[in-house]
Amino acid sequence: MSVLVHYLNLLRTDSERLLAWERSTFESLETYCSEDQAGSSQHNVDHSVKTVQPPLSPDFLKLFHEMLPQELRDLVYAHILGPESGTWTIQPHGLYFRFDPRIADAPTRIIPPSLETSRHPIFSTVHRELVTYFFSKNTVVLRYRYDSTTLEILTRLCKHIGCRPNQYIKRLHIFVCPPESPEDDMYCDLDAEFEWHHIFPRPKNARSLAQRRQLETDLHEICLHISKDCDTEFTFVISEQEWKASLGPNGMDELLCSIKDTGRVRLFWYDWEKVIA
């Protein structure tokens with residue numbers, strides 16, 4: 001296993017980098033949640049931005065929205081959010097992280113505070129347009145967990161952005177790792193055994209049965225809640241041996257076929273990747 005891990009470190013595929021980054025953002029949550037409990041009001045603000053923004057007037061926003069065409073308003077939104085498309089992940093507590101290997105993991109505020117200071121209808125209109133623009137230009141990456149976390153992140157109303165992400169997401173990439181694998185549990189020993197064969201095709205015990213039911217239910221619920229025009233991809237991390245052991249009646253292949261009409265299904269093997277058409 002140690003040789004395999006060393007080989008993976010040398011390979012450094014996009015999928016591996018994204019998985020490692022997503023796990024590091026999850027680890028960062030403890031730091032920022034601790035700051036929040038200590039009274040910090042800026043745990044979900046990009047600390048690189050130190051400027052104080054003056055409050056916006058409803059009259060200005062009304063003129064902005066009515067006088068400028070959508071194309072010009074989008075240029076303003078691009079200036080606020082950044083002109084380049086990127087990859088983001090959403091963690092519990094509605095924290096958003098942008099993938100950037102040059103900087104440490106830090107949650108970033110999407111909506112400027114100046115748009116959250118009024119209940120005037122025009123604020124909500126511009127707010128909604130900004131959220132729509134953000135999700136139309138960026139990819140959201142999530143790592144599936146064997147509890148309600150993933151579905152809640154997508155469907156729960158996020159106070160910061162003022163919407164449910166599943167209503168606006170246009171590009172979604174979900175990684176599904178076997179239970180208790182190093183990619184799934186940041187506290188797990190690197191020598192842990194991959195255990196897909198414990199839940200496919202026949203669950204090994206009651207716990208494995210619960211994990212399988214959770215996975216099947218959540219995947220189908222995610223498919224139901226994501227809009228049809230969303231470009232969705234599911235990546236399952238698996239080895240060739242585990243894949244062969246998980247086939248058969250009620251096997252993993254049947255599960256993947258049941259969701260492939262919703263989006264692309266990719267098998268991420270250790271030395272290559274295969275997309276199920």
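So the values come out like this:
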| quantity | calculated |
| --- | --- |
| Residue within the range 175-190 that is at pLDDT 90 or above, within 27 Å of Arg17 (Cβ to Cβ), out of contact with any Asp or Glu (no Cβ under 6 Å at 6 or more places or on another chain) and hydrophobic (A, V, I, L, M, F, W, C) present | yes |
| Residue list for the range 87-109, restricted to those being surrounded by 14 or more Cβ atoms within 10 Å (Cβ to Cβ) and among the β-branched types (Val, Ile, Thr) | Thr87, Thr89, Ile90, Thr108 |
| Single unsatisfied condition, Thr89 versus (1) modelled with pLDDT of 80 or more; (2) assigned to a helix (DSSP H, G or I); (3) within 30 Å of Phe175 (Cα to Cα) | (2) |
| Count of the range 77-115 residues which are of a type in the set (Val, Ile, Thr) and within 12 Å of Phe134 (Cα to Cα) | 4 |
| Ile161 vs. criteria buried (at least 20 other Cβ atoms within 10 Å of the Cβ) and either of a type in the set (S, T, N, Q) or within 21 Å of Trp21 (Cα to Cα) (or both) | no |
| Only one of Glu195, Glu216 that is more than 17 Å from the chain's Cα centre (by Cα), of a type in the set (Asp, Glu) and modelled with pLDDT under 90 | Glu195 |
| Residue count for the range 251-264, restricted to those that are modelled with pLDDT of 90 or more and part of a loop (DSSP other than H, G, I, E, B) | 1 |
| Looking only at the range 119-146, and only at residues there that are part of a loop (DSSP other than H, G, I, E, B) and in contact with a helix residue (DSSP H, G or I) (Cβ under 7 Å, 6 or more places away or on another chain), the one that is modelled with the lowest pLDDT | His120 |
| Any chance Leu267 is under 30 Å from Lys137 (Cα atoms) and at pLDDT 90 or above | no |
| Pick from the range 40-86, criterion basic (Lys, Arg) and at pLDDT 80 or above, ranking: surrounded by the fewest Cβ atoms within 10 Å (Cβ to Cβ) | Lys62 |
| Residue in the range 220-241 that is farthest from Tyr146 (Cα to Cα), counting only those that are among the aliphatic types (A, V, I, L, M) and surrounded by 14 or more Cβ atoms within 10 Å (Cβ to Cβ) | Ile226 |
| Members of the range 57-98 found to be more than 22 Å from Asp231 (Cβ to Cβ), hydrophobic (A, V, I, L, M, F, W, C) and in contact (Cβ under 8 Å) with a residue 60 or more places away in the chain, listed by number | Leu61, Phe64, Leu95 |
| Any hit, the range 211-219, residues being buried (at least 18 other Cβ atoms within 10 Å of the Cβ), of a type in the set (Val, Ile, Thr) and closer than 20 Å to Leu151 by Cβ | no |
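The values are calculated or read from the model by the stated rules, or taken from the named source; none is laboratory data. This is a predicted model, so every value here is computed, not measured. Reconstructed Cβ throughout: ideal geometry from the backbone, glycine too, with neighbour counts over all protein chains shown.
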